[in-house]
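Novice: Dropping a structure here in C-alpha cells format, bear with me for questions.
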Amino acid sequence: MSEQDWKALCAERKQRQLDLIPKEWTITLPPDSQRNVLDVPRTCGLLTARELDITDTVNVAILLDNLRTGQWTSVEVTTAFYKRAIIAQQLTNCLTEIFIERALARAQEVDDYLKIHGKPIGPLHGLPISLKDQFCIKGMETIMGYAGWIGRVADRDSVLVELLYECGAVPFVRTNVPQTLMWGETYNHVFGRTTNPFNRYMAPGGSSGGEGALVALHGSPLGVGTDIGGSIRIPSAFCGLYGLRPSYDRLPYCNAVNAMEGQETISSVLGPMTNSLEGVKIFTKAIIDARPWRKDPLAVRKEWSVREYALGDHGEGGKMCFAVMWDDGLVKPHPPLVRAMEVAKKALQAAGHTVIDWENHRHLEIFENGQRIFVADDAQDLLNDCALSGEPLIQSMSPETDAHEYALDEPLIRTIVGERRHLSAYELWELHKQKRALRKSHLDHWEATAANTGTGRPVDAIISPAAAYAACPHGCNSDFFYTELCNFLDYTASVFPVTTVDKELDTRVAPHTFHNHEDEAVYKLYDPELWHGMPVNLQLIGRTQEEEGVIGMTEVLDKALKAFKQAEGQ
C-alpha cells in the first residue's frame, strides 16, 4: 500500500472503534492541560452511586464474593466497569476492541447459571476481565498494533480465553499495545498513543500499557498482560498496580498472537495486573487450577502448591532474608526509587526479617546475551508484518511535537549489540548455550548467599526497582534491564506499590560516576516537579517456577509496608 492507503486504513479502523462507544457514555473531556485525570470517573456524572461503589471496589475477592452470592449481578458489574472503561478510553486512549453486547450477553449467561443452579460457574464467576490485544477471541479482530493485521479475524479463542470462560469470567474489552510489542511504551499507527492517567504527559509503560492505564482508572478490576522484557511489570509500576511475571509456560499462552513467534529461548509469559494483591493470587490460582496443560502442550504440568504459597521453602514465612538491588550496574535509579527501597528495607526489618545488599553477578553479560537473542533475525519478523500494509517500522516513541529534550536517541542496547545482522542458526545456538551457562552461574551465585543470610538458606527474594524511574515522559523509556534480568534468567517476579514521588523528599542528587551514556541520560531526565505524585513501585524477584512463593512473599512484604506506614503515621 501507499502511505496514503495505509494511513486511510488505520483512520477507518480507528473510526469504527469510536463508533462503538454509546453516545450516552461520552463525557465532557477535561482540557489537555489537565494532566492527572484519576478523579474524572467520579466527577464526570456518567456513573451512578452504585456503579461507583462497584468500580471503586479494588479488592477482587470482595467483588467475587458479591457476585457469587448474588448481591451484585454480573450484568450490573460488567455494565459499571464497561462504562468506566469507556471513560478511561476517552481520557487515555487505552482500548482496542469494544464489544458491549457480546460481553453483556456473557454476563447474563453467568447470572442465569447462578439463578438456575444456585452455585457459581467457577472461581472467577461473573468477573469482568480485560485482555491485552494479543488474546484471540473467536470472531473478533486481533490487530496487535499492526495496520496489516486489520481485518484479521480469529477463528478460535486463545486457550486463556477458553479457561476464563470455564472459570466463569466475562472478557469485556481488549487493550492497546505498541507496534511490535517490543517497547516499554504504548503507541501504534492504528489506535494511537496511550497516556498515563496519573500524568498524561507521561507514558503508561508497555507493552501492556493499555492495561496499565485502564486498571489504574478502575476501568477493569483485573487485566491480563504479557511480559517478555518487563511488559507486565513496567506498566504496573508506572500506573501503581500489582502485577506478576510468571516463569516460562506456567500459564497458557497457546493460540495468543505474538511478535517474534518462533523465538522460544526467551519466552513471553502472561500474568495479571490489578489494584489488589488478592487479585493476583485469585487469578493465578484459578488458571492453574483449571489445569491449562489440558489445552496448551507447552504449559507446565504443575498444580497449585499450598505448601509453596505458605512459604514452605522460606521458613514458613518466619524470619526471612531479603536482598536489595540498589543499582543494577547499568542504570542507577532515580531518588524516589531509592527512597522506596529504603522504606521497604525498614518495613521488612521492623517485621523481623533480615535485609542485606544484593551483589550483582555478570549483569552486563546477561544483558548482552539477551539482547543479541532478541535481534538475531535483524528485525525480519517485525519488518514482515509492517510490509503487509507498507507502514513503517516505528523507530521512536517520542511524540512528533513537544518531544522531551532528554529522549535518548541511542539506547544502550545499540551500543552493546553494535551493528545488527541476521545471525546464522549456529550463531544463535551459541547464544543459547551461553544463556544456559549464565543461568547456571547466576543460580550458583544465589545459592552461595546462604553464607550471609543468617537463616541457613540462600536469600529468599531480591527487592529491586522495576525501572530506574517512576514512569517517564513519552519517548524516554530506554531502560528495561531491571525487568529483563528476570526474563533472561526466567525468575518469577511480582511488582507492588510502595509510595508516590514527593518533590520535597525526592530532590535531585549530585551526579554519580555514570555507568554509561544511558545512565547519564536517565540521571539528567529526573525533575522532582514533573514526577511529583507519580506512583513508585518495586519488584520482588524469586526463583524459576516459584509463582506461589513469590505471591506469598509479596503478601508478607505488602503487609509489612502497610504496618510500617501506619506506625510512621503515613
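Novice: Sort Asp381, Asp39, Asp111, Asp460 so that the residue with the fewest other Cβ atoms within 10 Å of its own Cβ comes first and the one with the most comes last.
Specialist: Sorted ascending by nearby Cβ count, the order is Asp39, Asp381, Asp111, Asp460.
Novice: Along the range 31-47, what does the Karplus equation 6.51 cos²θ - 1.76 cosθ + 1.60 (θ = phi - 60°) give for ³J(HN,Hα), rounded to whole Hz, x for Gly and Pro?
Specialist: Karplus values, whole Hz, x for Gly and Pro: x, 4, 6, 7, 7, 8, 10, 4, 8, 4, x, 7, 10, 6, x, 6, 8.
Novice: Need one number: nm distance between label points at Tyr426 and His517, each 7 Å from Cα along Cα→Cβ, rounded to one decimal.
Specialist: According to this spin-label approximation, the distance is 3.4 nm.
Novice: A follow-up question, please. Would you mind ranking Val60, Val40, Val170 so that the residue whose beta carbon has the fewest other beta carbons within 10 Å leads the list? The partial results should precede the final answer.
Specialist: Details: Val60 24, Val40 20, Val170 28.
Listed from fewest to most nearby Cβ atoms, that is Val40, Val60, Val170.
Novice: Size of the dipole of the range 1-77 about the Cα centre, Lys and Arg at +1 and Asp and Glu at -1 on the beta carbon, nothing else charged, in debye to 20?
Specialist: The dipole magnitude comes to about 80 debye.
Novice: Let me ask another. Which residue, chosen from Pro41, Thr57, Gly542, occupies the Cα position most advanced towards the positive end of the dipole of the chain, where the dipole is computed from +1 (Lys, Arg) and -1 (Asp, Glu) charges on Cβ about the Cα centre?
Specialist: The residue sitting most towards the positive pole is Thr57.
Novice: Determine, for each peptide in 541-553, 216-228, 354-366, the mean count of other beta carbons within 10 angstrom over its residues, then list the peptides with the highest first.
Specialist: My ranking of the peptides, most packed first, is 216-228, 541-553, 354-366.
Novice: Among Val522, Ala8, Val173, whose Cα sits farthest toward the positive end of the charge dipole of the chain (+1 at Cβ of Lys/Arg, -1 at Cβ of Asp/Glu, about the Cα centre)?
Specialist: Farthest along the dipole direction, towards plus: Val173.
Novice: Kindly put Arg250, Arg508 in sequence by how many other C-beta atoms sit within 10 Å of each C-beta, fewest to most.
Specialist: Details: Arg250 23, Arg508 12.
So the ranking, lowest neighbour count to highest, is Arg508, Arg250.
Novice: Using +1 at the Cβ of each Lys and Arg and -1 at the Cβ of each Asp and Glu in the range 364-445, identify which of Gln371, Ser389, His432 lies farthest towards the dipole's positive end.
Specialist: After comparing all options, I get His432.
Novice: Nearest 20 debye, what's the magnitude of the dipole of the chain about its Cα centre given +1 on Lys and Arg Cβ and -1 on Asp and Glu Cβ? Intermediate values should be presented prior to the final figure.
Specialist: On the way: 56 positive and 76 negative charges, 244 e Å.
Dipole about the Cα centre, nearest 20: 1180 debye.
Novice: Sort the range 364-445 into rounded, prolate or oblate with this rule: let a ≥ b ≥ c be the square roots of the eigenvalues of the Cα gyration tensor; rounded if a/c is under 1.5, and if a/c is not under 1.5, prolate when a/b is larger than b/c, oblate otherwise.
Specialist: The shape class here is oblate.
Novice: For Cα pairs less than 8 Å apart in space and 6+ apart in sequence, what is the mean separation divided by the residue count of the chain, i.e. the relative contact order in percent?
Specialist: 16
Novice: With each run of n ≥ 4 DSSP H residues scored as -39500 (n - 2.57), what mean residue ellipticity at 222 nm is computed for the chain after dividing by its residue count and rounding to the nearest 500 deg cm²/dmol?
Specialist: Helix-only estimate at 222 nm: -12000 deg cm²/dmol.
Novice: Mind putting a number on the dipole of the range 364-445 about its Cα centre? Charges go on the C-beta only, +1 for Lys and Arg and -1 for Asp and Glu, and I need it in Debye to the nearest 20.
Specialist: 680
Novice: Any number yet on Rg/Rh for the chain, C-alpha, Kirkwood?
Specialist: Details: Rg = 22.4 Å, Rh = 23.8 Å.
Reported Rg/Rh (Cα atoms, Kirkwood Rh): 0.94.
Quick note: the coordinates plus some simple rules give every number you see, no bench work behind them. Source: prediction; values computed, not measured. Cβ: placed from backbone, ideal geometry, glycine included. Neighbour counts: every protein chain shown.
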